[in-house]
Amino acid sequence: MHPLTRRAENAVIRSAQRILLTRLKQGRKIGTRRMAAHYCQLLLAQERRETVVALYLSSELRLIKSTIISVGTVDHSWVYVREVIRPAVLLDAEMVLLAHNHPRGEALPSKEDREVTQKIVAGLKIFDILLMDHFIIGRGGIYSFAEKGRLK
């Protein structure tokens with residue numbers, strides 16, 4: 001078997017992303033935290049700049065909408081809390097799943113990552129909306145704020 005070229009690998013990844021998005025748009029449930037993490041990993045893995053996405057979910061964990069919140073630089077992005085909360089309220093989402101990548105680094109949260117996550121948790125709580133998780137996609141791994149007990 002011949003190894004794939006970088007271009008061929010990227011084409012396969014884009015195809016997988018389209019298939020997953022199509023399945024989610026057809027009303028399939030996200031199901032588990034692991035499934036959501038892998039979806040976000042596929043969505044963000046090839047991004048060269050730090051990109052923040054939000055998945056707005058129903059109470060049954062069905063995807064209502066997926067939105068790019070911010071595209072930043074190679075090592076920083078800006079997230080305005082209102083840009084996460086406004087769509088959640090307008091879409092009548094029950095839950096939000098947030099994810100961003102660290103294109104050149106490890107999947108560890110910065111001080112800013114932790115602070116903005118807590119602001120989003122507090123802001124969504126006002127509207128009885130749950131932040132299900134915030135994933136950081138980095139080299140070789142995924143960090144989950146929920147699994148580390150950081151969504152309080």
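The values are calculated or read from the model by the stated rules, or taken from the named source; none is laboratory data. Owing to the predicted nature of the structure, the values given are computational and were not obtained by experimental measurement. With ideal geometry, Cβ positions are generated from the backbone for all residues, glycine too; neighbour counts draw on all protein chains shown. Ligands, DNA and RNA are excluded from the accessible area calculation, which covers all protein heavy atoms including side chains. Shrake-Rupley method; radii C 1.70, N 1.55, O 1.52, S 1.80 Å.
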Would you be able to say whether some residue in region 21-36 is hydroxyl-bearing (Ser, Thr, Tyr) and more than 13 Å from the chain's Cα centre (by Cα)? yes
Among the candidates 61, 55, single out the residue that is among the hydrophobic types (A, V, I, L, M, F, W, C) and at positive phi. 61
Test: residue 145 is over 25 Å from residue 22 (Cα atoms), more than 15 Å from the chain's Cα centre (by Cα) and of a type in the set (Phe, Trp, Tyr): no
Residue 16 meets each of (1) open to solvent by 80 Å² or more (accessible area, probe 1.4 Å); (2) of a type outside the set (Phe, Trp, Tyr); (3) touching a helix residue (DSSP H, G or I) at 6+ places or on another chain (Cβ under 8 Å) with one exception, condition (1)
For region 27-51, how many residues are open to solvent by 40 Å² or more (accessible area, probe 1.4 Å), assigned to a helix (DSSP H, G or I) and in contact with a helix residue (DSSP H, G or I) (Cβ under 9 Å, 6 or more places away or on another chain)? 3
What residue, among those in region 1-52 that are among the hydrophobic types (A, V, I, L, M, F, W, C) and in contact with a Lys or Arg (Cβ under 9 Å, 6 or more places away or on another chain), is modelled with the lowest pLDDT? 24
Might you check whether a residue that is without any contact (Cβ under 8 Å) to a residue 60 or more places away in the chain and in a loop (DSSP other than H, G, I, E, B) occurs anywhere in region 8-26? yes
Subset of region 65-88 [surrounded by 14 or more Cβ atoms within 10 Å (Cβ to Cβ) and assigned to a helix (DSSP H, G or I)]: 81, 83, 84, 85, 87, 88
So which of 99, 93, 107 ends up being closer than 23 Å to residue 32 by Cα and more than 14 Å from the chain's Cα centre (by Cα)? 93
Do we find a residue being touching a Ser or Thr at 6+ places or on another chain (Cβ under 6 Å) and within 18 Å of residue 146 (Cβ to Cβ) anywhere in region 74-92? yes
What are the residues in region 91-122 that are in contact (Cβ under 8 Å) with a residue 24 or more places away in the chain, open to solvent by 10 Å² or more (accessible area, probe 1.4 Å), touching a helix residue (DSSP H, G or I) at 6+ places or on another chain (Cβ under 9 Å) and not in a loop (DSSP other than H, G, I, E, B), if any? 95, 116, 119
Restricting attention to region 43-68, report how many residues are in contact with a Gly (Cβ under 7 Å, 6 or more places away or on another chain) and either small (Gly, Ala, Ser) or closer than 23 Å to residue 112 by Cβ (or both). 2
Of the residues that make up region 52-62, is at least one free of Cβ contacts under 8 Å to residues at least 12 places away in the same chain and open to solvent by 60 Å² or more (accessible area, probe 1.4 Å)? no
